[in-house]
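J.: Handing you this structure, nothing more for now.
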Amino acid sequence: MTTTHTFVDTDDSGPLADVDLSSFRADQGLFVVLEGSKTGARYSLDSDLVRVGRHPESDIFLDDITVSRRHAEIVREATTYRVKDVGSLNGTYLNRRRVDDADLLDGDEVRIGKYKLIFAHGTGPL
């Protein structure tokens, strides 16, 4: 079963400055694309497993040859998020360090191929 992740409608004045984190529950996250062909796109991370890659059935589809078909997964466990590389060729980077599996915190930069995504985490009540 594939979950569709839609763009989150927020003001475009800055990557995170305009995101009211209190409007998201503490178990919800968001990616804002800062670099790549989808610059400005915003993806809500609204399921426990979000698959990122070049495969057309990826939850977050990043169409570039630098992205593996099945590149990374974002895993939600209660109110925390983790990024996991799933055997990509070019690697997954968190704050410019290559990682296999790492926790995500507000403002973290995730690089997948040519794409740079910034992570934001909700602070609102569950």
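The values are calculated or read from the model by the stated rules, or taken from the named source; none is laboratory data. Quick caveat, the model's predicted, so the values are computed rather than measured. Quick reminder, even Gly has a Cβ in these numbers, built from the backbone with ideal geometry, and neighbours come from all protein chains shown. Just so you know, the surface numbers come from the protein's heavy atoms only, side chains and all, with ligands and any DNA or RNA stripped out. Shrake-Rupley method; radii C 1.70, N 1.55, O 1.52, S 1.80 Å.
J.: Taking the solvent-accessible surface of protein heavy atoms with a 1.4 Å probe, what is the per residue accessible area of segment 74-126 in Å²?
T.: Accessible surface, normalised per residue, equals 53 Å².
J.: Considering only DSSP states other than H, G, I, E and B, which GluC sites (Glu not before Pro) in segment 46-126 qualify as loop sites with at most 13 other Cβ atoms within 10 Å?
T.: Of the GluC sites (Glu not before Pro), the ones in loops of segment 46-126 whose Cβ has at most 13 other Cβ atoms within 10 Å are E57.
J.: Continuing with the same structure: For segment 20-126, state which trypsin sites (Lys or Arg not before Pro) are in a DSSP loop and have at most 11 other beta carbons lying within 10 Å of their beta carbon.
T.: R96
J.: Compute the Cα gyration tensor for segment 33-92, then decide on rounded, prolate or oblate, letting a ≥ b ≥ c be the square roots of its eigenvalues: rounded whenever a/c is under 1.5, prolate when a/b is larger than b/c in the other cases, and oblate in all that remain.
T.: It comes out oblate by the Cα gyration axes.
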